[in-house]
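Single-structure report; data block below.
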Amino acid sequence: MKIAVLIKRVPDMDVRFKIAASGTNIDESGLKFDISDFDGYAVEAALQIKEKQADPAASEVVVISLGPDVVQETLRKAMSMGADRAVQLKHDAPVHDSSAIAAALAAELKLGSYDLIMFGRMSIDTANQSTGPIAAELLALPIVTAISKLEIDGGKVKARRELEGAYELIECPLPAVVTIDEGIARPRYPSLKGIMAAKKKPLEVKPANVASERYTLDKMELPPERAAGRIIGEGKDAVPELVRLLKEEAKVL
Amino acid sequence: MASNIFAFAESRGGELRRAALEAVTAARGVADATGGQVHAMLAGDAGIGAHAAKLGAAGADVVLVLENPAFGNYNPEALAATIAARLSTGGYRAAFFVSSAQGRDLAPRVAAKCALPLAVDVTEFTVGGDSATVKHPGYTGKVIQSFTLKSATAILSLRPGAVLPKENAKAGTIEQISSIIDPRSSRVVVTETVKGTGAKLDLGEAPVIVSGGRGLKEASNFKLVEDLAAAFGNAAVGATRAVTDEGWRPHSDQIGQTGRLVSPQLYIACGISGAIQHLAGMRTSKTIVAINKDKEAPIFKIADYGIVGDCLEILPVLTAAVKEAKKGA
Ligand SMILES: Cc1cc2nc3c(=O)[nH]c(=O)nc-3n(C[C@H](O)[C@H](O)[C@H](O)COP(=O)(O)OP(=O)(O)OC[C@H]3O[C@@H](n4cnc5c(N)ncnc54)[C@H](O)[C@@H]3O)c2cc1C
Ligand SMILES: Nc1ncnc2c1ncn2[C@@H]1O[C@H](COP(=O)(O)O)[C@@H](O)[C@H]1O
């Protein structure tokens, strides 16, 4: 099995963001960055598939990220989890159009003759939720999106997708593209040995071929603040007051 | 000349989804402002066309009906190919989808096939002559991003609930269409759609969500949450990751950064601490109520109304009071 996992470097969300003076980016000073949540699940799922093969050493997990040189840190992290090698598609300016990102990623993926290509369901920052499916269309490969379970069985992908109040069981032949939802696998923590090994694993840097964007960012803003919370009482005696407020003030009852 | 508006009318298992009416209502709004007709497309097993009248009532001038047993389960490849062929015949200023599970899968396939720009989870939009502008929350809802789509046809996938379905009756003339590819040749096959055992109302659709956290102590206590939801009558049940990890509720009930993003009129958080990853999924709710025994719990910082106390004791009293209030209403 040759598996590619597309990973994005994103800021830690556990902060109060500020908008940069340009108005089209967040102020990145002081922020911590890591692999996007769903991409971490995808790396873990890929490693588990490799480990399940009769001869794991014959399989390969390649991680690919498009971005400036700082993404090398994210690629190294994925290699410290166990990915075998990495490719940076070097591009310094932020790209927002998922079609442009997908095209640049697809050009690289085409060269790799992968059996399985894994994306996150969405990047946790810009959240386009579309890079994987668009890349799959460009590669003319079948794609199953937002899967919470994955099994590779006899040259086939067998997957489960959560719907609103239901789920679907889906199959498609390999080679295929999948996008990963939570629930599939919790990412492992890199071991010290893994971290040491990752330093020696190959990381190839290539220029990304990013076409002009037709989905362009005009501005970023912070959403309006919620009014400060209010505690209306203690215990079950507070229920009548709550019901009154829901009726008269919030008008939701 | 691009003047008509396309709306994808989502269905599942022969039932029309609320998303269908949201897409048609959005398309109607644009058509009323800029002219042109609304073409809604409905696909499913034989009999799906029976829902066409509802789409007409929501503002569809034409309902494109595709009836074929191979569309009984979601058939992404044949559906995307058929929609793309339709959009490529030209004449569409915009195509509306809703970012439901199905819409999130379908819209990017269509956008790629047509080489058109796409915006997802759209909360606000304007459609102009040769471009469209949208707002789309990112960074787990902490940043609102504004984008321009530079194209005569824009593909817009709306955040569920961003547009409320409205009646605006139009002809809803039925036009039978067929799949552009052999639908049995699809490589991606949904072998089964399995209904959950959960409440009838979906989290994305319910005006009220009653959500439970680890503070409920055990799976069986979710009965108290379900009872309160039932008392409202228009409520769905949600959960935190602590709860779905425990297996007390299915993952599909999880609200938050890695679960569902919801913004109901009323969100009641029971025994939920208010971790940042949970808040990411529900902070845009209109009114938030929190019940937690720890008065320092972060959930109280964003709750419009907080009660400090044991939710196991408070929930039954609240359920009774809501039932009483509903009776009087
Ligand atoms: C990458 C990542 C993604 C995540 N994604 C999500 C996500 O999508 N959704 C999500 O929810 N979480 C997510 N989490 C987990 C999140 O950080 C929290 O751990 C989780 O939300 C906590 O759930 P909880 O509030 O139910 O439990 P706890 O944090 O344990 O809180 C339980 C609360 O119940 C209160 N309580 C206890 N007993 C009672 C009682 N009898 N009556 C009233 N109150 C009581 C306690 O005071 C406490 O505040 C994610 C975490 C990570 C790292
Ligand atoms: N710059 C990037 N480099 C590598 N993969 C990416 C990049 N941007 C997006 N992806 C992949 O596409 C998925 C979906 O991203 P998005 O469409 O932005 O929500 C992510 O989870 C990644 O797997």
Given B:90, B:137, B:20, which one lies farthest toward the positive end of the charge dipole of chain B, if we put +1 on the Cβ of every Lys and Arg and -1 on the Cβ of every Asp and Glu?
B:137
Computed over the Cα atoms of the stretch B:166-278, the Rg and Dmax in Å are 18.7, 54
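In the stretch B:221-329, which GluC sites (Glu not before Pro) fall in coil by DSSP and have 16 or fewer other Cβ atoms within 10 Å?
Details: sites: B:226, B:246, B:296, B:313, B:324; in loops: B:296.
Qualifying residues, ordered by number: B:296.
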As a footprinting exposure proxy, order B:131, A:80 by other Cβ within 10 Å, with the fewest listed first.
B:131, A:80
Starting with the fewest neighbours, write out B:211, A:98, B:11, A:212 ranked by other beta-carbon atoms found within 10 Å of each beta-carbon.
A:212, B:11, A:98, B:211
Residue (of B:153, B:171, B:185) at the positive-pole extreme of the stretch B:144-188, dipole from beta-carbon charges
B:153
Label model pair residue A:113, residue A:16: point-to-point distance (7 angstrom along the Cα→beta-carbon line) in nm is 5.6
Cα pair distances exceeding 18 angstrom across the stretch A:40-144, given as percent
50
Hey, got a sec? Which trypsin sites (Lys or Arg not before Pro) in the stretch B:290-325 land in a DSSP loop and have at most 16 other Cβ atoms within 10 Å?
B:295
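At most 10 other Cβ atoms within 10 Å and a DSSP loop assignment: could you name the GluC sites (Glu not before Pro) in the stretch A:145-253 that fit? Working shown, then result.
Values: sites: A:151, A:162, A:164, A:168, A:171, A:182, A:204, A:213, A:221, A:225, A:234, A:241, A:248, A:249; in loops: A:164, A:182, A:213, A:225, A:249.
In loop regions of the stretch A:145-253 (DSSP not H, G, I, E or B), the sparsely surrounded GluC sites (Glu not before Pro) are A:225.
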Taking the Cα of residue B:182, stepping 7 Å toward and past its beta carbon, and measuring to each backbone N in the stretch A:166-200: which are under 19 Å?
A:172-173
Expressed to two decimals, chain B has a Cα Rg over Rh, using the Kirkwood radius, of 1.01
List the relative contact order of the stretch A:104-221 as a percent without decimals, with contacts defined as Cα pairs under 8 Å and 6+ residues apart.
26
Percent RCO, i.e. relative contact order, over chain A, from Cα pairs under 8 Å lying at least 6 residues apart:
24
If you rank B:201, B:42, A:242 by fewest surrounding Cβ atoms within 10 Å, what's the result?
B:201, A:242, B:42
Please compute the net charge surrounding residue A:18, taking Lys and Arg as +1 and Asp and Glu as -1 over other residues with Cβ under 15 Å from its Cβ.
-3
Note to self: C-alpha centroids of the stretch A:213-249 and the stretch B:46-102 sit apart, in Å, by 36
Going through the cross-link list A:52/A:199; A:206/B:113; A:18/B:142; A:2/A:110, which pairs have a Cα-Cα distance over 19 Å in this structure?
A:52/A:199; A:206/B:113
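No value in this document is a laboratory result; all are computed from the given coordinates. Nothing here was measured: the structure is a model prediction, and the numbers come from that model. We place every Cβ from the backbone using ideal geometry, glycine too, and count neighbours over all the protein chains shown.
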